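Data first, discussion second: the structure below is written as structure tokens.
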Amino acid sequence: MAACFNGDVSLPPSPAPRRFSKHIRDNVHGDIYLDSLSLKFIDTEQFQRLRDLKQLGVTNLVYPGAVHSRFEHSLGVHWLAGVSIEKLKNYQGMELGIDNFDIQTVKLAGLLHDIGHGPFSHLFERQVIPRVASSSHWSHEQMSADMVEYMVDEHHIDIDPEKIKRVKGMILASSEIRLPRSSSEKSFLYDIVANGRNGVDVDKFDYIVRDSRACGLGCNFEFQRLLDTMQVLDDEICYRAKEYLTIHKLFVTRADLHRTVYTHPKVQAIELMVADALIEANNYLEISSHILNPSEYWKLDDTILKTIETSSSKELKEARELIMRLRRRNLYQFCNEYAVPKDELENFKKVTAQDIVCSQNNGGVTLKEEDVAVCNVKIDLTRGKHNPLESINFFKDYESKEKFKIPDGRISHLLPACYQDMIVRVYSKRPELVEVVSDAFENFQLKTYGIKAQVHSTPDKKKRRYNSCI
């Protein structure tokens, strides 16, 4: 099997007594070391809970090997964050003033950046929270920051308050709720774990390798080259100009994983069913109140479906039926999809179940909104419709102290002219309505664009499969 990683990324552990640290073997990065401060957080029930959160949610029901957890990913990001800051210290330590405070802060941010994820990871945040929470501003990054404070207080972890403040700032660096920084802070440190400037960070380095390997997919992106060639100029991490294609591969590989794994049509069918089950069970599970309180939130994990399945509560009947359908692989049926035409992307408005129902021709079975599910899938190279290389600064060689951007025309004429896809997918929640929903979806495309934008029509065999059930 091809894999993204071809060798260990290793540096000697930070200078601390070995009796206070642990040495473990990771299946991606090889030998990694955990220092005593990190172990204080790892040895809490809040962090150990990450063992019960699958990194890719329900993807393992389509890619059977994708059963790795947020726990191992967090250890991997912790290690790569440490490798990154140690390399910068070795290369430019005197110039940048990197000290042990900086090293520990960056490593802790890598370790704890995902502590705020909920059951089934992104599924919970994107499809459940918006339907149960009165506020739309909830994010796993903010919950991670809140959880860090809770863990310190709950377990009386002896740590400098300023260090915790900076850890939180690094976790939130790529989110919409960045914390204010003083002018004296080393801004380049915030580029390592969650890079809000351009998206090149060790979080992606780890999950791209780890997810590709777990799903049995190969990729040719090698993050080691970026770790070895990065340099800080004007308080920003920059990369050697000759590595521009390596960075482009990072974003292309990520987009490919989104298309073929993270938003696989059947993965999304399962996600829709799990989300519907959790919404049906919300009054019983009190999800909407748990998400506001770190002391309760950390108790939610992927075993939540077992709680629903084994409960004797009558109010969970609908949720249990959905879970039983999942067990029998009687999924919401994927009808079809189309990519929004490039010239329509600018004015695209999300398609809803109501749009599909209103496009049904008269006669036959009458569709209801609850019979249809729609997914609007945006896939880009992290910068929306823009070329991600536009936001990255490069340098010519290690003697150079000048940074610059590389214009599109000087990179390659083979690179894409458009950097974003918007895909509309439609599902029938009732198997016997596949043909009706498919026809309504095609009518919607004709009404909206004047053409059927899908690559091919829904196979007649799939439409006929459930006709006898009507």
* Test: residue 344 is at pLDDT below 95 and of a type outside the set (S, T, N, Q) -> yes
* For residue 286, work out the one condition from (1) under 23 Å from the mean Cα position of the chain (by Cα); (2) of a type in the set (Asp, Glu); (3) more than 30 Å from residue 426 (Cβ to Cβ) it doesn't fulfil. => (1)
* May I ask you to verify whether residue 78 is under 24 Å from residue 32 (Cβ atoms) and not in a helix (DSSP H, G or I)? => no
* Structure fact -> Taking segment 52-78 and keeping residues without any contact (Cβ under 8 Å) to a residue 24 or more places away in the chain and either over 24 Å from residue 201 (Cβ atoms) or of a type in the set (Asp, Glu) (or both) leaves 60, 64
* To do: Pick out, from segment 287-405, the helices (runs of 4 or more DSSP H) lying fully within it that include 3 or more residues that are assigned by TED's automatic domain parsing to the domain that holds residue 448.
  => 353-357
* To do: Inspect segment 181-190 for any residue being under 21 Å from the mean Cα position of the chain (by Cα), under 14 Å from residue 88 (Cβ atoms) and at pLDDT 95 or above and give the result as yes or no.
  => yes
* Structure fact -> Residues of segment 43-62 being crowded, with 19+ Cβ neighbours inside 10 Å and closer than 13 Å to residue 75 by Cα, in sequence order, are 47, 50, 55
* Got a number for residues in segment 125-146 being outside any loop (DSSP other than H, G, I, E, B) and touching a residue at least 12 places away in the same chain (Cβ under 8 Å)? -> 13
* **Set 39, 111: member being surrounded by fewer than 19 Cβ atoms within 10 Å (Cβ to Cβ), under 20 Å from residue 167 (Cα atoms) and of a type in the set (A, V, I, L, M, F, W, C)** => 39
* Taking the stated definitions as given, is residue 315 farther than 30 Å from residue 384 by Cβ and either at pLDDT below 95 or surrounded by fewer than 12 Cβ atoms within 10 Å (Cβ to Cβ) (or both)? -> yes
* Looking at segment 111-126, is at least one residue assigned by TED's automatic domain parsing to the domain that holds residue 169, polar (S, T, N, Q) and out of contact with any Gly (no Cβ under 9 Å at 6 or more places or on another chain)? -> no
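The values are calculated or read from the model by the stated rules, or taken from the named source; none is laboratory data. These figures come from a predicted structure and were not determined experimentally. Positions of Cβ are backbone-derived with ideal geometry, glycine not excepted, and every protein chain shown enters the neighbour counts.
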